[in-house]
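Take a look at the structure set out below.
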Amino acid sequence: MASGYGRRLPGLVALCLLTVAACSSVAAEDADPTDDSQPVPTATTNAPASTSSTTTATVPSPTTTIGEIETTTTGATSATTPVSTDVDADVRVPEGPGPFPAVVLVHGGGWVAGDPSAMADLASSLTEAGFLTVNTRYLLATQEAGYPGAVDDVACAARFAANHPDSSGSVTVLGHSAGAHLAALVALTGDRYATDCPYPESGLPARLVGLAGPYDVDRLGLVMLPFFGGGPNVEPEAWEAGNPQGLTPENTSLSSLVMYGENDALVDSSFAIDFHEALIESGSDSTLELVEGARHMDLRDPDWVTALIVAWLER
């Protein structure tokens, strides 16, 4: 059975990805702002890109209600205005005249847990930097298989972002951990999903930002059973269509920033490196970014990644 799945993450890593509860202690350690042992974040890039050391930005986080879409204007005076829509997300619009480039944020949680609150701080910092942000929910693989419903949800959020009245139409999909896998699927093949989405088709996203993502599902084995609803022998078409590693030729106009942490104990660096190389071999533009000293949860922390992401988006 093991040979059918190819290489796997170590058992502890698989359990951590499969259940958030199993890795709560790891997450708490990574998120501890009092950890004085944390090194200063730096970055090493293997492709031309504008980089800078990260800076700390204090951004107000207005109270939001995830479950209906909300538009939040950040800045000295903030206001939250509910918007009627079929997309389940937290939407934030920068102050000032638009239109603004849009970023769709996709949370992690092993495909079975998590919600947009995990990406709220990063969304706030990107909105402060001038990006319209759509921090979206998606179908979790708990009562039913996550595929293709989770991809449908993220693809529809990307269409909403492109069609938002304050959007320039330029869309970046950004995901952390399992969310990076979903973001990559939408960036590469999103036009195949969300057939019931009420927003007009807008083409594939122009950019992808992957943060600590596992992009080759064949190497994850049992971890992916809840997402696909069965193994590759039972659901072969789903496993093929849901594997970003094998889909890189599908959108060669995509520009990607693939980031990974030096001290990530949950997702091996080879996932990012192999995915980046596949993107390059397919003829698309990709930048591989090593964040020195960063652990898995640091890759969704604005203090570690916002400056690097913004520099790449504005290059």
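Heavy-atom accessible surface of segment 97-255, averaged per residue, reaches 32 Å², computed with a 1.4 Å probe. When the Debye formula is applied to the Cα atoms of segment 114-218, each taken as the same point scatterer, what base-10 log of I(q)/I(0) results at q = 0.11, 0.17, 0.22 Å⁻¹? So the normalised log intensities are -0.31, -0.76, -1.29.
Between segment 87-132 and segment 191-258, how far is it from one alpha carbon centroid to the other, in angstrom? First find each Cα centre; the distance between them is then 20 Å. You can think of it this way: the chain between N263 and E292 has 9.7 nm of extra reach, that is 0.36 nm per residue less the Cα-Cα gap.
Taking 0.36 nm per residue of sequence separation and removing the Cα-Cα distance, the E201/N163 pair yields an extension gain of 12.8 nm. Note on A311 and E144: the model spin-label points, each 7 Å out from Cα along the C-beta direction, lie 4.4 nm apart. Largest accessible area first, the residues I309, I280 order themselves as I280, I309 under a 1.4 Å probe with ligands, DNA and RNA left out. The distance between label points at E237 and T252 comes to 2.7 nm (points 7 Å beyond Cα on the Cα→Cβ vector). The peptide list 220-227, 95-102, put in order of mean Cβ contacts within 10 Å with the highest first, becomes 220-227, 95-102.
Annotation: Y215 carries an accessible surface of approximately 0 Å², with a 1.4 Å probe and no ligand, DNA or RNA atoms counted. Residues within the reach of a label modelled at D285 (point 7 angstrom out along Cα to beta-carbon, backbone nitrogen below 14 Å), restricted to segment 230-263, are 252-258.
Amide H to amide H, with H built 1.01 Å from N, F100 comes under 5 Å of S167, S168, counting only residues 5 or more places away or on other chains. The solvent-accessible area of V186, taken with every protein chain present and a 1.4 Å probe, is close to 0 Å².
The values are calculated or read from the model by the stated rules, or taken from the named source; none is laboratory data. As the structure is a prediction and not an experimental result, all values here were calculated from the model. For neighbour counting, all protein chains shown are included, and Cβ atoms are generated from backbone atoms with ideal geometry for every residue, glycine included. Heavy atoms of the whole protein, side chains included, go into the accessibility calculation; ligands, DNA and RNA do not. Shrake-Rupley method; radii C 1.70, N 1.55, O 1.52, S 1.80 Å.
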